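This report refers to the structure that appears directly beneath it.
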């Protein structure tokens, strides 16, 4: 077993695939030689040789003048007396300058090409990291000589130093003050011959390691086969019988789980197939109501423009849209159960947070649903919305009545067409204003709310496009200077009572006795009648 563990990291694919190329080092040796030649270029030496050939036929005095003063000539004039040079002298100087500039340009170009070749060669062939990575992986298989690793790291650093030294020398030669000067003595550029021997040593050791790895793979197979025959097979034979029952039991449990999953899947598919008519009906209702952008997919997910939003409904749907989708599901379920005897259907506030168009569509669906149900089915629709209530009451072909809980212990259903809530409340206020008896305790509890309801309806009708119609109504009344104007003090009493007493509980309403007297309750009702008479005089004839 221990022997097998020794070869656990060995693989048939283990091998040394990267070596150090001796030609790589030879390239840098060639670069050193080429650079040394370029560093030796000196404009002074070339200038002296060329100038000597040009002025050889001239008198000695002229020769000395050319050699000493050629570097400081400017604008074709003598630097000492500023007299113009003769044509022959100009020709000699021009010939020299052309030669010098040509050599200087050629040197710069060769230096640039050499630098590019050095960088390209350095970046193209860097096997050091690959070799060291291989050695690190194989050190678990067999020992690696530290000398080899040290030689590889040393070679890597040596090549890097040579490259940096060549780059530094080229940069120095390209400087303006050095391009015409021999700076070859400033640098020692050469390749250590021992480094070629180091490369041969490293490659030899890597080759031996590659051979050892192949032998290790062969030995691993032998040890593995021996381990299976002498250890693993006997152990499996011993434990197989004792573990058989456990394995058999696990197989039975897995089979049961698979059967349960198949049953669940079949149930799910059946349930989904039964929902197809419901899904189709829901989508039809959503289209008819005006929410066609929402649909229900075959998996019963709510989608918005083909995007599944079932898990993020609150981020995409408004409260009104949630109401419509819930209502579409409700209507679809009812529509698919027409054949069943449904005795009672209760619809609780189906138009919450909806605008007028949706309210009208919901009302139409309730009408159609009622038409298609059996005559024995009873509908109860609950709502807080006065517009919806009036739609059902006055614009429906059905005989919708209002549930009346005013009689203690019983519910009265009126099937007759009744007056609107506005007219009902206006009649009550008118009767209180005209009654001779004192205002009762019960009347005190609803007078502020009735008054607010009447004022809101009048204000919304005459000032519909304002932020607060009831405030605009009050301001309009106060601006009236006609003989029939309403007393401002009584108007203040009315709006104060509405502000304090409306939408309040019974005890809160009764507390108004400390603020509003019994005669003032009647005066409030009379003020309401005057306001209605001012804006809607014909309503009082009906009330």
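None of the figures in this text is laboratory data; all of them are computed from the coordinates on show. This structure is a prediction, so every number in the text was calculated from the model and none was measured. Every residue, glycine among them, receives a Cβ derived from its backbone with ideal geometry; neighbour counts consider all protein chains shown.
Remarks
- Rounded to the nearest 0.05, the FRET efficiency derived from the C-beta distance between residue 270 and residue 308 at R0 = 25 Å is 0.65.
- The eigenvalues of the Cα gyration tensor, multiplied by 5 and square-rooted, give region 421-542 an equivalent ellipsoid with semi-axes of 22, 16, 15 Å from largest to smallest.
- Separation of the residue 336 and residue 380 label points, Cα + 7 Å toward Cβ, nm: 2.6 nm
- With the simple model of a label 7 Å out from the Cα in the direction of the Cβ, residue 287 to residue 258 spans 4.4 nm.
- Relative to the current alpha-carbon distance between residue 345 and residue 112, full extension at 0.36 nm per residue lengthens the span by 74.5 nm.
- The slack between residue 178 and residue 475, meaning 0.36 nm per residue of separation minus the straight C-alpha distance, is 97.2 nm.
- Full-extension gain in nm, residue 207 to residue 468, via 0.36 nm per residue minus C-alpha separation: 84.4 nm
- If R0 is taken as 30 Å, the Cβ-Cβ distance between residue 297 and residue 389 corresponds to a FRET efficiency of 0.25.
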